[in-house]
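Structure first, commentary second.
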Amino acid sequence: HGRARGRVSPETRQRILDAAARLEYRPNASARALRLQQSSQIAYLAAQPDVETLGALSEVSIGGLARVLSASGYRLLLQVAPSYEAQVDLLAEMFATGVADGGVVRAFDAGQPVWEALRDTEKPVVVIGQCEVEGLSSVAHD
């Protein structure tokens, strides 16, 4: 971690740091996520029907979102759900297993019946698209 702690002498600490540098040690992201209870990952979900007919994974907004998240120390995970209803279950599973700290759901249909369930997830969720559900963050996008 780059900081001294515990009962390790300065000489031993330096030998450990030298060995880590020589071996090109990199911290394990999964182990770090377990310890911190934070994955530093945000899930971007699109429904399969929107991927097939509207090109939901080819949007420029994904690149912009990835850049902004990266600058803040987060990774963007792209996930395709088989249906609109499955987006909620998939996102809930990702939250429960610690895969993602938050979610972005791309929605092309303004009348999604699953949005109330998205609002009630325990992590932050933002809808990109027309969404009029109170308490659910959304960004209109054409």
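Under the rule of -39500 (n - 2.57) per DSSP H run of 4 or more residues, summed and divided by the residues of the chain, what mean residue ellipticity at 222 nm is obtained, to the nearest 500 deg cm²/dmol?
Working: 6 runs with 58 residues, N = 142.
Calculated at 222 nm, the ellipticity per residue is -12000 deg cm²/dmol.
Based on the Kirkwood radius over alpha-carbon pairs, what is the Stokes-Einstein translational diffusion coefficient of the chain at 25 °C with 0.890 mPa s viscosity, in µm²/s? Don't skip to the answer; put the middle values down first.
Numbers: Rh = 17.2 Å.
After rounding, the answer is 142 µm²/s.
For the chain, give the magnitude of the charge dipole about the Cα centre (Cβ charges: +1 Lys/Arg, -1 Asp/Glu; no others), in debye to the nearest 20. Don't jump to the answer; show the numbers that get you there.
Numbers: 14 positive and 17 negative charges, 313 e Å.
Rounded to the nearest 20 debye, it is 1500 debye.
Could you state the accessible area per residue of the chain in Å², with a 1.4 Å probe and every protein chain left in place?
Working: 9110 Å² over 142 residues.
Ligands and nucleic acids excluded, the result is 64 Å² per residue.
Mean Kyte-Doolittle of at least -1.0 and a Cα length of 15 Å or more along the axis: which whole DSSP H helices of the chain meet both?
TM-like helix candidates: 10-22, 60-71, 84-96.
Which one, L76, A19, L90, projects farthest toward the positive side of the charge dipole computed for the chain from Cβ point charges (K/R +1, D/E -1)?
A19
The values are calculated or read from the model by the stated rules, or taken from the named source; none is laboratory data. Because the structure is a prediction, the values reported are computed rather than measured. Note that we place each Cβ from the backbone using ideal geometry, even for glycine, and neighbour counts take in every protein chain shown. For the accessible areas, the whole protein counts, side chains as well, though only heavy atoms, and no ligand, DNA or RNA atoms are used. Shrake-Rupley method; radii C 1.70, N 1.55, O 1.52, S 1.80 Å.
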